[in-house]
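Report on the structure given below.
The values are calculated or read from the model by the stated rules, or taken from the named source; none is laboratory data. Just so we're clear, the structure is a prediction, and the values are computed from it rather than from any experiment. Here the Cβ is made from the backbone with ideal geometry for all residues, glycine too, and neighbour counts use every protein chain on show. Note: areas computed on protein heavy atoms with side chains; ligands, DNA, RNA excluded. Shrake-Rupley method; radii C 1.70, N 1.55, O 1.52, S 1.80 Å.
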Amino acid sequence: MRVFLTGATGFIGSHVIPELLGRGHQVLGLARSDSGARRLKAAGADVHRGDLEQPETLASGAAVADAVIHCAFDHNFQTFFENTRKDERAIAEMGKALEGTQKPILITSGVGIGTPLDGGPATEDVLNPRHANPRIATELAGAALIARRIDVRTIRLPQVHDTSKAGLITPLIAEARRAGAVAYLGEGKTRWSAAHVSDVAKLYVLALEKGQPGARYNASVEEGVAARAIAEAIGRGTGLPVRSIDSGEVEHYLGWMAPFAGLDMMASSDWTRARLGWEPSGTDLLSDLSAMDYAVLADT
């Protein structure tokens, strides 16, 4: 298949490219700059120029492909709500190009959207349309396409990591440096699911080749890693002190990330593994945090 890949030069998308090529697919990657276009060509992908700010350019890429993998997202979390609306518009525009075809589109969401109302790990069968996470806009946009009989498949991401990045943990490190300490709330028992980026890239390709219309797939490998363990790993890497804080101190230590302090973001992937034959083999989160070059991270 010729696959239109948005976010092709990003953290996850750049790992999806070799997985697709290795399985015999062609890649048409979205690039918004000359430097991005050069990177895509070097990776063996064709180039489609466009930008999330111009959703019609994404639609034109979808129109000339056999399938779409939508990894692009504006990761400025300080404008998170606005960015989810931008994602909603992008999905809607690409949907117009796919309507009346059998072409699949894989969209990207977060595992938290599948958290049951009574608690516990997020699962693939749960979708709460009134979920407080603004990223629900992505899944509602996907649901609107499904209602028009478009083949939508959703990949829900945990904290995706290697030794250079680690999802929300990367900005957490920046906030710790600003505050002068790595903090966790209370006893640090809240847990975040995680997966190595190489395993996530493989899941996108499996969902493309073996997935079903309307299905949601959890990309979690570790169901939950405790906040205290994450904080202690960051403390060892940065040399910053690690401390427990109460709710009144959260904003000082975590800044804009304060709303995440008490969130359990656990997720099961048992259903995903059984349906797609996904067999993760990447490094675990704490090992990657231990091997991370924090001096380089401070300069990025």
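Of note, A143 does not satisfy the criterion of being farther than 17 Å from A215 by Cα, open to solvent by 10 Å² or more (accessible area, probe 1.4 Å), at pLDDT 95 or above and aliphatic (A, V, I, L, M). Listed conditions (1) closer than 22 Å to V200 by Cα; (2) in contact with a Leu (Cβ under 9 Å, 6 or more places away or on another chain) are all met by D125, apart from (2).
Of the set (1) open to solvent by 30 Å² or more (accessible area, probe 1.4 Å); (2) at pLDDT 95 or above, all apply to R85 but (2).
Looking only at segment 216-236, how many residues end up being open to solvent by less than 60 Å² (accessible area, probe 1.4 Å) and free of Cβ contacts under 8 Å to residues at least 60 places away in the same chain?
Step one: of segment 216-236, the residues open to solvent by less than 60 Å² (accessible area, probe 1.4 Å) are 216-222, 224-227, 229-231, 233-235.
Adding the requirement that they be free of Cβ contacts under 8 Å to residues at least 60 places away in the same chain leaves 226-227, 229, 231, 233, 235.
The total comes to 6.
Among the residues of segment 237-257, those that are buried (at least 18 other Cβ atoms within 10 Å of the Cβ), over 29 Å from N218 (Cβ atoms) and either out of contact with any Phe, Trp or Tyr (no Cβ under 6 Å at 6 or more places or on another chain) or modelled with pLDDT under 95 (or both) comprise L240, V242, Y253. Considering A267, A261, A295, the condition of being in contact with an Asp or Glu (Cβ under 7 Å, 6 or more places away or on another chain) and among the small types (G, A, S) is satisfied by A267 alone.
For segment 258-287, filtered to residues that are among the hydroxyl-bearing types (S, T, Y), open to solvent by 30 Å² or more (accessible area, probe 1.4 Å) and in a loop (DSSP other than H, G, I, E, B), the residue that is nearest to K189 (Cα to Cα) is T283. Each residue in segment 154-202 was checked for being open to solvent by 20 Å² or more (accessible area, probe 1.4 Å), charged (D, E, K, R) and not in a helix (DSSP H, G or I), and 5 pass. Any residue that is touching a strand residue (DSSP E or B) at 6+ places or on another chain (Cβ under 6 Å), of a type in the set (A, V, I, L, M, F, W, C) and not in a strand (DSSP E or B) - is there at least one of those in segment 22-31? No - not one qualifying residue is present in segment 22-31.
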